[in-house]
Every structure is written in C-alpha cells, then in structure tokens.
Amino acid sequence: MSGGGGGSIPTINRPGGGGAEDCGSLRIITSVASPDSDVLVDVSEGDILNVRTLSNEGPVIIETPDGRVVGSVLSREMIRLISCINNGIEFNAVVNSISDGRCVIEISSE
Amino acid sequence: MKTKIDESFLYDTIQETLRRIPQPSEMVMKRISWGSCETLFTPAYWKLQYHLDHAEEDFSINHRLSDCIYEEIVGCMLGLYEFQCEYRTEIFYRITHMGSKNWFRGNTVLNLILSIFPKFPTKRMQYITELISDKDSLHLTIDDDLKLRSQLLQVNGIGWKNASWITRNFLDSEKVVVLDSNVIKACFKMGLYEGLKNRSSDYLRMEETFIEFCRILDVIPSKMCSIMNDHVRTLK
C-alpha cells in the first residue's frame, strides 16, 4: 500500500483553508495603521471609535465619533471585515491602549 | 461566542512590509501600478497579505496526497467535483487504504465510489476507469515538473488546471501554477491578464505572467495562489 503524504482530501490550495465565519462573532485586535497624530492626541483608552469602509473594496478606516479619521486597518482579516461590512454589518472599535503613537483597538460587531 | 483574533503581534511585520512596498502610483509591471495595500486585490494588498500570512506560521504546505502518482491523480480527479465534503473524504480515505494491489483490480475503485456516491458523474467515471486500465502504458516522468504535466495533459479528463494541480501536489512544484477561477479573477482585476481570454486558450501565458508577478513581489507562487483563492472566495 502506498504511503501517505499530507493524507488529507485534495483541495486546490491550502488543505483545510478557507471557511467563512459568522460576522457577528468576528473580533479583531489590531493596531491602527498610519495613525494621524493630530487626531490621536484626542483619543483615549476605552473610547469607542467608528469602523467603516470608503468603498466596497476598502480601505477600512477608523474614525472618532465626530468623523475625524484616526487611521486605517491593515489586517489578515481585512477581507472578512470588508465582506461583512458590505453585507450591512456594523462594527466599532474600542481603544485598548495608546502608547508611543501606536493605538491598539478591538474591532467587533455592534 | 466571539472568537478573538489577536493581531497585535503583526505590528512590526506590517511596518517592515510597508517599508518594502513602493508607492501606490509606482508600476509593478507594465501598465499595472502597485496600488494601496488598504484596497482589496491590488498588488500591494497581495504582497502585504502574503507577508502577514508568513509572519506567524511556518507556511509550509504538504500538498502531496500519496506517494503513488496514480492515487494522486485519482484523488485530484475526485476533488474536482462538487461533492459534499464528507463524501470526498470518505471516498478518498477508502481508496488510499485499500491497498494498491486491490486498487487496480477490475472495478474496485469505481464500485467503491458508486457505493458511496451513486450519482457520480458518468463521464468522470469513464475517465477514472480509463486511467486505471491504462496506467501501465502512461510512463509518467515523476522527477520532472514540466514533463510530468505534459504527460498528464495526454490523459483524458485532465486539462491544464488538473495537470498543474497534480504536478504541484506530487512534486511540490513552483514551475507550474494552479490557476483556478478565483486566482484568475484576481489577476484580471489587477490587469495582469489584459488581452488574454480564458484558461483554456491562454493557460501557459497566464501562468508565465503569474510567475513573473510573483517574482517581482518576491513571493512563492503556490502560496500566493492559496492566499488569492482564500480571499477572493471570501468576498463572494
């Protein structure tokens, strides 16, 4: 009998890869990309920021409640986030920490 | 229950990758600009996603299903069809565990398939039957990527994509590219395939262009394919 390699069922690409997850359960901790320091100075830990896209292909931007852009999102989960937003799911971002110009947020559905 | 995905460790990788990605207006290839990595499916986006994927895991994928090329071929032919996952797994597991002596005897494999999936497409069944009965006359070269693919293309039921898929799996080849519909869609979107028609008529040119694209981005083609397929499929 022939020996096995990976042993899993053939798929075109990464074995076991893919698989959409419910948008409601998506929760991402990431850093705001290219933060605007002039806006960041008015942001504090615990603040709730808005998450929206500028088009149905991104970018995903993070805004203060009064509409100032803090920065954007660069993430492995961008595709899922954008897909969910395109399907009408709304997300917000809670500020976990701000340190040395780096703002860590936790994005989840409202 | 919410699943928390913590990407805070990727901060340095993102910064490093951003330093290496040219400005959005700069050209990556003729008539194709890098674009922004914040926008889906631009060259910059793909390069960033590749490095983000690379950051955490080893990213080595063992594609090979079996040390027997004929099992590999049948496995891939089964994988093409719109089976429910549980059928494919069941069929493939039983094929690869029945022993090669039994595997090539008469209609053993085909009876097995039909016992699990009675509506197995007739034409595909015919291709697998032919493969099993003609296997000794195939003389497949299993130490040369492009030669193997050329030989596989002579097998009924195996086209460019399948032949590339089998070759990629069995020989861990980066000289062939598995151009499935999602990858092709991503490439058309970038403008990579401007002037080309479709997979059937332009496979080699599409493949050559993709390999060149990957060379410029400094990414491994099979892994880039995998990422593209995952992402394009998610947005559907």
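Working ranking of peptides A:97-110, B:32-45 by packing, defined as the average number of other Cβ atoms within 10 Å per residue, highest first, is B:32-45, A:97-110.
A compact globular protein would have a Cα radius of gyration near 2.2 N^0.38 Å; the ratio found for region B:100-236 is 1.21.
Beyond 18 Å in Cα-Cα separation lie the following of the pairs B:K175/B:K223; B:K175/B:K197; B:K30/B:K189: B:K175/B:K197.
Peptide B:3-14 has a mean of 6 when you count, residue by residue, the C-beta atoms of other protein chains within 10 Å of its C-beta.
The label-point distance for A:I48 and B:N156, in a model that sets each label 7 Å from Cα toward Cβ, rounds to 6.5 nm. Look at the stretch B:167-178: the mean tally of other chain Cβ atoms within 10 Å of its residues' Cβ atoms is 1.
For region B:160-236, GluC sites (Glu not before Pro) meeting the loop criterion (DSSP other than H, G, I, E, B) and having at most 14 other Cβ atoms within 10 Å: B:E174, B:E194.
Could you work out, residue by residue across A:30-43, how many beta carbons of other chains sit within 10 Å of that residue's beta carbon, and then give the average as an integer? Write out the running numbers ahead of the final one.
Numbers: counts 7, 8, 0, 6, 2, 0, 0, 0, 0, 0, 0, 0, 0, 0.
Mean shielding by partner chains, rounded to a whole number: 2.
With a 1.4 angstrom probe, the accessible area lost at the A-B interface totals about 4500 Å².
The values are calculated or read from the model by the stated rules, or taken from the named source; none is laboratory data. Worth saying up front: this structure is predicted, and the values here are computed from it rather than measured. Don't worry about glycine lacking a Cβ; one is built from the backbone with ideal geometry, like all the others, and counts go over all protein chains shown. Protein only, heavy atoms only, side chains kept; ligands, DNA and RNA dropped before computing areas. Shrake-Rupley method; radii C 1.70, N 1.55, O 1.52, S 1.80 Å.
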